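Notes follow once the structure below has been shown.
Derivation of every value follows stated rules applied to the coordinates shown; laboratory data play no part. Everything numeric here is computed off the predicted structure, so don't read it as measured data. Every residue, glycine among them, receives a Cβ derived from its backbone with ideal geometry; neighbour counts consider all protein chains shown.
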Amino acid sequence: MNPDLNRLHPYPFEKLAELKAGITPATAAKPIALSIGEPQHAPPTVALRAMADALSGLSRYPLTKGELALRTAVAHWITRRFALATGLIDPEHQVLPVAGTREALFSFAQAVVARPENPTAPRPIVLMPNPFYQIYEGAAFLAGAEPYYYPTTRDTGFLPDFTAIPTEIWARAQLIYVCSPGNPSGAVIDRARVKTLFNLADQHDVIIAADECYSEIYFNEDAPPAGFLQIAHELGRDDFSRLVVFHSLSKRSNLPGLRSGFVVGDAEILSRYLKYRTYQGCALSLPVQITSIAAWSDEAHVQENRQHYREKFDAVLDILAPVLPVVRPDAGFYLWTDVSAQGSGDEREFTRTLFAEQAITVLPGRYLSRPFAGIDPGEGFIRMALVAERADCVDAAQRIRAFLR
């Protein structure tokens, strides 16, 4: 077996299941899970109709590169959403469909990280935020690299300070994962920080993997979060050198089971990644591609989706603000909340007791982070995903409030 498999940590939800094992909640109330970021809103009708009309496509082998119609729909959506110049995105060379961002974020590292020719040489480094989506870490391990966890803490507004990463670390780095809006904080990386990152990536020849899967859940229709492609275009970096951006229909369109997303950016990198994917064999079926075209081409259901999240955040924040330091995130559907002042101060004990008394499940912060350089930025925090229907989110918030009182 690949020895790097032994380096993988248990997934956060394995740890959560172990934490809750043997507990029978002391209430007959309905269990409500705020622990996993799986959207529970209804899938859009436009997508369901497209899927029903496309099932005959199951008789064909799909192309790894995807149908030109899908790549063109994606290019048009990217251009509209991120205010790019018409024709800037080439659907033939700069867009690849993927089976959701999780699959692509993992496989991308396998394709772009170069192992040292000398087996005794230091492993290359993959940079990632801390807290983080654990796929980044697993991707680094299985690519034969070492993770470097750059902190995103309350002191910096849960944003990365790329200049604080030591020069010797940048010198060994080959890939950096960034997540904006962030998981779990929802913080959006500002233009100045992105410009700094571009300069450092150029200086040290590091590829940027920008995970933007939460970009379409925001609260002000007149101020959508800026994306990395948009900022690159504003800076005149129209070749998108060293930049690959990841998007998905899971959160935007409530289609997590469709497993459909795309990567877009540096054409040279994507040509090599396409070769890797051709061997990997992770192509989207034709019905999934046709459904994806319908979803990327419609914004009405996305706007309606955002309205549902606004209403849930308004209601939940009103209920929890008197008892917890909750704040509305920049974007996304998570509340990243400090509970260190509650009880023992250990968010794992908070999570366990909350489930035991109220049948509400949240996710302990340190299940999303790693101790690094003397700190664990997840310690004392919990993540709550407001993905259930509004009534369930309100019910959960009321029970959390009763628990704390």
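Side notes on the structure shown:
- Subset of the stretch 256-285 (residues that are of a type in the set (Ser, Thr, Tyr) and either in a strand (DSSP E or B) or over 21 Å from Ile89 (Cα atoms) (or both)): Tyr276, Thr278, Tyr279, Ser285
- Residues within the stretch 303-312 that are in contact with a helix residue (DSSP H, G or I) (Cβ under 9 Å, 6 or more places away or on another chain) and either within 20 Å of Asn183 (Cα to Cα) or polar (S, T, N, Q) (or both), tallied: 3
- The stretch 236-248, subset within 12 Å of the chain's Cα centre (by Cα) and either in contact (Cβ under 8 Å) with a residue 40 or more places away in the chain or surrounded by fewer than 24 Cβ atoms within 10 Å (Cβ to Cβ) (or both), residue nearest to Leu286 (Cα to Cα): Ser248
- Cross-chain or 6+ apart pairs with Cβ under 6 Å, the stretch 218-229 first and closer than 15 Å to Arg328 by Cα, then aliphatic (A, V, I, L, M): Tyr218/Ala331; Pro225/Val188; Pro225/Ala331
- Within the stretch 72-96, residues that are of a type in the set (D, E, K, R) sit with their Cβ atoms under 7 Å from residues that are surrounded by fewer than 21 Cβ atoms within 10 Å (Cβ to Cβ) and assigned to a helix (DSSP H, G or I), at 6+ positions apart or across chains, in these pairs: Asp90/Ala267.
- The stretch 6-35: number of residues that are in a loop (DSSP other than H, G, I, E, B), more than 22 Å from the chain's Cα centre (by Cα) and either of a type in the set (Lys, Arg) or within 27 Å of Glu146 (Cα to Cα) (or both): 1
- Looking across the stretch 147-206, the residues that are crowded, with 17+ Cβ neighbours inside 10 Å and on the phi > 0 side of the Ramachandran plot come down to Phe158, Gly186.
- The set of residues from the stretch 45-101 being in contact with a Cys (Cβ under 6 Å, 6 or more places away or on another chain) and of a type in the set (Val, Ile, Thr) comprises just one member, Thr101.
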